[in-house]
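*Asks:* Questions regarding the structure given below will be posed in turn.
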Amino acid sequence: MGSRIVRNLDDAVIAALKRRAARHNRSAEAEHREILCTALAGEQRGRGVGATERPGRGSNGPTASSSRCPAASAR
C-alpha cells in the first residue's frame, strides 16, 4: 500500500476536509482516502468497474481501505 503527500493545499480546503471528516466521524486522512476512492470509482464506473456502494458501509461506516475501495480493484 502506497502513501502520497499533497502539498500546497489552501487553508480553506484543509478546513473543509476536517469539517467533512468530523461530519462522517472519520479522521481527515480517512476522509481524504474516501474522497479519492469515490472520485476514482466514478471514473471506473464508465468502464464497467467499481460500484456505488461498498459492503459494510453505512452513513457513518468504516473508513475506506484498499480492500473496500472500488478503484483499488482496477489496479
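*Asks:* Could you tell me how many of the residues in region 1-22 are at pLDDT 95 or above, within 17 Å of the chain's Cα centre (by Cα) and not aliphatic (A, V, I, L, M)?
*Replies:* Count: 3.
*Asks:* Within region 10-41, count every residue that is of a type in the set (Ser, Thr, Tyr) and buried (at least 16 other Cβ atoms within 10 Å of the Cβ). It would help to see each step written out before you state the result.
*Replies:* Applying the first criterion (of a type in the set (Ser, Thr, Tyr)) to region 10-41 yields 27, 38.
Now narrow it down to the ones that are buried (at least 16 other Cβ atoms within 10 Å of the Cβ): 38.
Here the count works out to 1.
*Asks:* Moving to a separate point now. Say whether the condition of being assigned to a loop (DSSP other than H, G, I, E, B), under 23 Å from Met1 (Cβ atoms), under 11 Å from the mean Cα position of the chain (by Cα) and at pLDDT 55 or above is met by at least one residue in region 59-68.
*Replies:* yes
The values are calculated or read from the model by the stated rules, or taken from the named source; none is laboratory data. All of these numbers come straight from a predicted model, not from anything done at the bench. Counting neighbours? That spans all protein chains shown, and the Cβs are built from the backbone with ideal geometry, glycine included.
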